[in-house]
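The values are calculated or read from the model by the stated rules, or taken from the named source; none is laboratory data. Since the structure is predicted, the reported quantities are computational estimates derived from the model, not experimental observations. No Cβ is skipped: glycine too gets one built from the backbone with ideal geometry, and neighbour counts run over all protein chains shown. In case anyone asks, the SASA skips ligands and DNA or RNA and just uses the protein heavy atoms, side chains included. Shrake-Rupley method; radii C 1.70, N 1.55, O 1.52, S 1.80 Å.
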Amino acid sequence: MKISASITDFPMLSRLETFFKEFSKAGVDGIELVLGIKSRLHLQHIKYLSQKYRLPITSVHQPAWSGLGMYFDERFLLYVQELGVNRIVFHPLAFQSFESKNMQRYFSHLSRLQQQYNVHIMLENMPNDFMYHKLFLPPHTTVQQHLAMISEFAETYGLSITYDVSHAELTKPQETQVFQKLLPKIANIHVSSFVKGHHHLPLNRGILDVTGFLSFLKKKKYQGLMTLEVYYPRLTLMRNVYDFSAVADSVRVFREILDKSS
């Protein structure tokens, strides 16, 4: 099982090459690219960095502005195609309930884009926070009910699922009925550990049953993407305080567990 890592625009003062270089040293196998201003302006440079550090772009994450409902620029799908990628992570709309007309139109739009551009759209579960609180309004107030709704909409609109481990805050996802039911639809797992209210920790910290979870995925012959989303100690907007050793530690834990479960 291979593992990629997520690169975002942040910190804004960091260089894209720093992430490619340090992630290569950390031992990841590929990159999930979160589209933003820096990546949109430097397509050829990203392709060059991908080749230089032998880190293929395994998936792309929608731009933040489209998930916030501010602006949906379909041209980024042409950008994705030029990168040679066909797997894209999308969030549900922020500040909307599952039942809202805007959300229904949004999912219909994603379904159309998937067919028109021949891409593979993976809908991500979200945390119960300020931006996504309305996704947890009755009758789906629990994490399990939220995941069930993500599954229902993925089924209705022909989409796949990105399961974000931290967002769900399930210590042992593999032992829950909802995750076992989701698994056949999951095409990407955003993997990190967590404690309550503090997400995207390295795999050697937090309360996730990392050994049990990864061993379960291997036993079930999971074939989708595994993408590290480790932002530690935190991901700031401007200043570069990213701890690449936390990514290296997580890669080491990942490989040790899978080797032992052979």
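Restricting attention to the range 1-43 and to residues that are polar (S, T, N, Q) and modelled with pLDDT under 90, the residue that is farthest from Y79 (Cα to Cα) turns out to be S14. Within the option set Y132, Y157, being in contact with a Leu (Cβ under 7 Å, 6 or more places away or on another chain) and either at negative phi or open to solvent by 60 Å² or more (accessible area, probe 1.4 Å) (or both) holds for one residue only, Y157. The set of residues in the range 183-209 that are over 13 Å from the mean Cα position of the chain (by Cα) and either surrounded by 21 or more Cβ atoms within 10 Å (Cβ to Cβ) or aromatic (F, W, Y) (or both) comprises S193, F194, L201, P202, L203, L208. Per the conditions (1) outside any strand (DSSP E or B); (2) surrounded by 20 or more Cβ atoms within 10 Å (Cβ to Cβ), the sole criterion not satisfied by A148 is (2).
Pick from the range 154-176 the residues that are part of a helix (DSSP H, G or I) and within 18 Å of the chain's Cα centre (by Cα): which of them is nearest to Y106 (Cα to Cα)? Of everything passing the filter in the range 154-176, A154 is nearest to Y106 (Cα to Cα). Scoring Q180 on the criteria (1) open to solvent by 30 Å² or more (accessible area, probe 1.4 Å); (2) in contact (Cβ under 8 Å) with a residue 24 or more places away in the chain; (3) farther than 13 Å from E124 by Cβ leaves a single failure, condition (2). Of everything listed in (1) exposed (fewer than 15 other Cβ atoms within 10 Å of the Cβ); (2) among the aromatic types (F, W, Y); (3) closer than 22 Å to M226 by Cα, the single unmet condition for Y48 is (3).
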